[in-house]
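The values are calculated or read from the model by the stated rules, or taken from the named source; none is laboratory data. What you are looking at is a predicted structure, and each value in this text was computed from that prediction instead of being measured. In this analysis, Cβ positions are derived from the backbone assuming ideal geometry, glycine residues included, and neighbour counts consider all displayed protein chains. Each accessible area value is taken on the protein alone, full model and side chains, heavy atoms only, with ligands, DNA and RNA left out. Shrake-Rupley method; radii C 1.70, N 1.55, O 1.52, S 1.80 Å.
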Amino acid sequence: MGETEIALAHGQLSARQLADGAYGPALESIATALRLAPAIAPLWAQFSDLIRYFSLSHPVPPPVRELLSKALEHPAVDPGNLVLPITTLALSRSAGTAFDEPLLVRMLEDVVIRDASLERVITDTRRRMLDEALPLNIMAAVAHQCFNTEYVFDETAEEAAKVERLRDSLGSLHSYAAYAAYRPLGTLQDAKLDGTPLASLARRQILEPMEEQRLAAEVPSLTDEKGGVSAAVRAQYEANPYPRWVRMQSSFAAAPLRQIVKELFPQAEVPAVEKPRILVAGCGTGQNAIATALRFAGASVLAVDLSRASLGYAQRKTLELGLKHIEYRQADILALGALEERFDLIECSGVLHHLEDPFEGWRILAGLRKPGGLMRVGLYSEAGRRAVLRGRALIAAEGFTPDPGGIRACRAAIRNDPSLVQIARNEDFYSMSGCRDLMFHVHEHRFSLPQVDSMIARLGLRFLGFEFPDSGATLTRYRAKFSQDSNLENWHKLEQEFPDTFARMYQFWVA
């Protein structure tokens, strides 16, 4: 047996250990696999999916540090999976030295952090940057992070006044970095930073937004906007394209559509399609459309959204990754009934519940399937959104508004309310567009599983099963109670007992 075969065997062992809850041994096994075969991209994806569960302490063993360092740059790794291990590693250092952790400094450029303690470290450091020159790489990392979050962090009147004075006296690279931690460099008339250590910051804050605006204007329209709710939703996402992301896993072990669905649901009857045509309805900033195009072998994707700002962002990221099999169009789902093309798979995740009539939108999309075509749907759970509903009640009571000042004030109130701590753990809490989508959305429906079951029956569809991001833990809990049979009546019983099961949303497949 060669090193590659031995490495793959260790990878399989790691997967079994993780399924059994043996996280430490699973990490040792995947580390061995990567030491033997570092060129096998799926092993890096497996490491990424495992390490996201780990809270680390300084000093970390050198082999783990080396893996984290390489993972930060690897295209098969979702950098969001590295946030918890690297954040906890940095915060485990003595007080005030989190930025002595080089992995943290590098990571801040590519992610949105989601840790209240690290947010305090960043905001304290940012405040110091207005009065003193810190190491330029740290100042640049802070500025990257603040831009990634769309400047959602608290800002005092004193800081705002200092930023305005700073704008009139910019000169050194340190002063530009300090300014960029509070306002985009694109708000300046003439920031020439090419060839400097801040060139990547200037590209992110000046050139990329300009390119998005150009691309947004060029996206063709498929349909007109249909109704006042659609107009309001589009306006929200023009102002705050969602989700904000910088880097995602861009190297997938693509497999045929039929193989992937059969691995998820072995009993499903799925036609073999060599080159599936896929519709992503409500693609936002392109993350899901790109992942879908990379996941299914031979796929071509039509991705539609109401918001041109979101589509411009999606198109820029698609071009950045060199993908040629995704088309973007502006369209309203409720007006797609006239579309003549039919699809092997239709994905609509986190979108139908923002329509004026979710069932009508689902009916229209279901009619766009080819014979035997599949759908992957995501809907908000009434039970899973309990904490968010408490947050929305706070917003109504306090009169918080969905502008930057109102969102910052809302976040401060939530952090000070122990009953709302679950909201502060949500990753969307840590960016402006995420916070607005999470709690300030202009239109939102929520559902129970009996309601979902009823809609599936009315549409003449068949429930195949849920798809979870948690390495099988939820399915293990279900099967411990209800054996292998997956039906919505039993899932409803499980959700009543464990109401946070679908805290993100119901994510499921139908045929």
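Observations on the model:
- Subset of the range 388-416 [aliphatic (A, V, I, L, M) and crowded, with 21+ Cβ neighbours inside 10 Å]: VAL388, ILE407, ILE414
- Once the range 80-114 is narrowed to residues that are of a type in the set (Asp, Glu) and touching a residue at least 60 places away in the same chain (Cβ under 8 Å), the residue that is nearest to PRO243 (Cα to Cα) is ASP110.
- Within the set LEU84, LEU104, LEU118, LEU166, the sole residue that is over 23 Å from PRO404 (Cβ atoms), open to solvent by less than 50 Å² (accessible area, probe 1.4 Å) and part of a helix (DSSP H, G or I) turns out to be LEU104.
- Scanning the range 130-151 for residues that are aliphatic (A, V, I, L, M) and buried (at least 23 other Cβ atoms within 10 Å of the Cβ) gives MET139, ALA140, ALA141, VAL142, ALA143.
- Among residues of the range 171-185, those that are assigned to a loop (DSSP other than H, G, I, E, B) and in contact with a helix residue (DSSP H, G or I) (Cβ under 6 Å, 6 or more places away or on another chain), counted: 3
- Residue in the range 471-479 that is in a loop (DSSP other than H, G, I, E, B), crowded, with 18+ Cβ neighbours inside 10 Å and at pLDDT below 95 present: no
- Residue that is most open to solvent (accessible area, probe 1.4 Å), among those in the range 247-283 that are without any contact (Cβ under 8 Å) to a residue 60 or more places away in the chain and in contact with a helix residue (DSSP H, G or I) (Cβ under 9 Å, 6 or more places away or on another chain): ALA272
- MET455 touching a Gly at 6+ places or on another chain (Cβ under 6 Å) and buried (at least 18 other Cβ atoms within 10 Å of the Cβ): no
- Meets criteria (over 18 Å from the mean Cα position of the chain (by Cα) and either crowded, with 22+ Cβ neighbours inside 10 Å or within 30 Å of GLU274 (Cβ to Cβ) (or both)) for GLY378: no
- Subset of the range 199-258 that is at pLDDT 95 or above and of a type in the set (Lys, Arg) - its residue that is nearest to ASP305 (Cα to Cα): ARG234
- Restricting attention to the range 326-368, the residues that are over 18 Å from GLY460 (Cα atoms), open to solvent by 10 Å² or more (accessible area, probe 1.4 Å), touching a strand residue (DSSP E or B) at 6+ places or on another chain (Cβ under 6 Å) and of a type outside the set (Val, Ile, Thr) add up to 5.
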